[in-house]
1. Could you run the Karplus curve 6.51 cos²θ - 1.76 cosθ + 1.60 with θ = phi - 60° over the stretch 105-117 and give me ³J(HN,Hα) per residue in whole Hz, x for Gly and Pro?
2. Mind putting a number on the dipole of the stretch 134-285 about its Cα centre? Charges go on the C-beta only, +1 for Lys and Arg and -1 for Asp and Glu, and I need it in Debye to the nearest 20.
3. Using protein chains only and a probe of 1.4 angstrom, how many square angstrom of Lys160 are accessible, to the nearest 10?
4. Arg138: accessible area at probe 1.4 Å, nearest 10 Å²?
5. Under a Cβ-Cβ cut-off of 13 Å, what is the net charge of the residues other than Phe443 that fall near it, where Lys and Arg count +1 and Asp and Glu count -1?
6. From the protein chains alone at 1.4 Å, what is the descending order of accessible area for Trp441, Trp197, Trp411, Trp42, largest first?
7. Rounded if a/c is under 1.5, else prolate if a/b is larger than b/c, else oblate: which is the stretch 137-179, with a ≥ b ≥ c the root eigenvalues of its Cα gyration tensor?
8. Which value, in Å² and to the nearest 10, is the accessible area of Arg19 when all protein chains are kept and the probe is 1.4 Å?
Amino acid sequence: MTGDHDQPPARGLYAWTTRRWLRVGVAVSLTILTLLGATGAWILARTGTLSNDLADVRSPAVSTALHLESAILNQETGIRGYGLTGSPDFIGPYEQGLRRQQEDIRQLTSLLRDDPTALNDLETVRDAVTRWQDGFARPIAASSPGAPSPLASERAAEGKAAFDTVRAALAHQQQRLLAERDHARDDLKTTMARRNWVFGAIALLILVLTALVFEGLRRGIRTPLEQLEADARIVAGGDFDHPIAATGPADLRHLSDEIDFMRRRLVRELAFTEQARLRLDAQAANLERSNAELEQFAYVASHDLQEPLRKVSSFTQLLQRRYAGQLDERADKYIGFAVDGANRMQVLINDLLEFSRVGRVHNAHSEADLDEILQQALSALSVGIEETGATITHDPLPTLIADPTQIGMLWQNLISNAVKFHRPGEQPRIHVTATPEGESWRFTVTDNGIGIDPEYADKIFVIFQRLHTKDAYPGSGIGLAMCKKIVEFHGGTIAVDPHHRDGACITFTLAAQPPREPVPVALPQAVRADTEQTP
């Protein structure tokens, strides 16, 4: 790798580092931009002030002054008509003009609060109007209606002179306000022209600075970066042992060193990843072998264990029928234990076989009408339902893409549990609900049975976990574990509602569409251990 000392020493500006170029360029640019920015900010502020003054003060003041003149003219017209005719209809415009006058004067006072000259003009108008009203308008307005007021003719000349003074004051006020509005408009135009010039200069300076920056980058950084890019491309092509050459200014050499460090680290990580992949392949092979053992277990459970177990069960039942009462009481009890144990072992093996088949054998997703499948499950459980007098109701159930066999096993296990664990002396009442929840459906199976203590809400879904003895409630302890396995295979969850009282409430979700890649479900290690110890 060629070092900087092998090249001729750089002179003048070429000796500057990238950091120095950036510092000087940024300092000069910031100084100029700060000056122009301050000027631009002042001009913007000035433009905003003039614009606000024109839009919020000068123009509204002119408009309000015109409204004020209109209100006073309405007063003059109304009071003159009332004085000549005595008709009350002329009092309305007069009084309305008084109200508008007061409102306009208040608004002008607020708008011109920072302009003493304009306030003086407004005060002159108000004084002239007051003199006209006190000397002419109010006395006539106080006259009785129905006949012309004598004051109208007696004070006609005096009233005309007073109102001419009002007109003159209004004209002077409007003339001054219009002049101030025009002056503000001219100031705004001048300021906007200056603003455009300043921002044009800023834009031009930015273009010049941009050109200088690109030229500096081309001269001081482009060549080292091209070398760095070439080396990086070689490494990216798969030659991870190719070193990254450190050339150019000190900061770029440091960058090259960092990239080379990352290259060396990547080499180490790749070596570690290769080792991890080998370990993962070994674990995959172990898992494949374990699944093969599970397949063998399913075969043994369905074939090899069934035949000798049937023989044991058959002969023990034959002994029970043939020698019942011929032996002593203890022998009859022992024979009964053997028969019961053989039967329970056969049920347990069948349940384990069904448990192992979930997601492995039963994996045919299609349109499944959950309402129809529930009716089939209820038909299969009809004997137990009739014996207990159970009442089973349900909401309309949807049609989902699922495995009909597994859904049937799910309904059958949940309904049979609800029927089995009913309160003594009380008929079971079971209700099934279904509500959409996003892209899934939430189902509940609620009963009025003995309920489930929240302490065991998770335990009941573990295989072989029972909350009661087999004498109190028969069963293998696999049903709810199979329900959990079926629900999870269909992309859902199942749980006990801890807030439900007066019975149990099992709630679970099912996806409207099956998972894209259903995970094959295998027997857990605890199940394998228990089944190995069962014989």
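The values are calculated or read from the model by the stated rules, or taken from the named source; none is laboratory data. Keep in mind it's a predicted model, so treat the numbers as computed, not measured. All Cβ positions, glycine included, derive from the backbone under ideal geometry; neighbour counts span all protein chains shown. These accessible areas exclude ligands, DNA and RNA; they are computed on the full protein's heavy atoms, side chains included. Shrake-Rupley method; radii C 1.70, N 1.55, O 1.52, S 1.80 Å.
1. Each residue of the stretch 105-117 in turn: 5, 4, 5, 5, 4, 5, 5, 9, 5, 9, 10, x, 5 Hz.
2. So the dipole magnitude of the stretch 134-285 works out to roughly 500 debye.
3. Accessible area of Lys160: about 130 Å².
4. 110 Å²
5. Summing Lys/Arg as +1 and Asp/Glu as -1 gives -3.
6. Trp197, Trp42, Trp441, Trp411
7. Cα axes put the stretch 137-179 in the prolate bin.
8. 150 Å²
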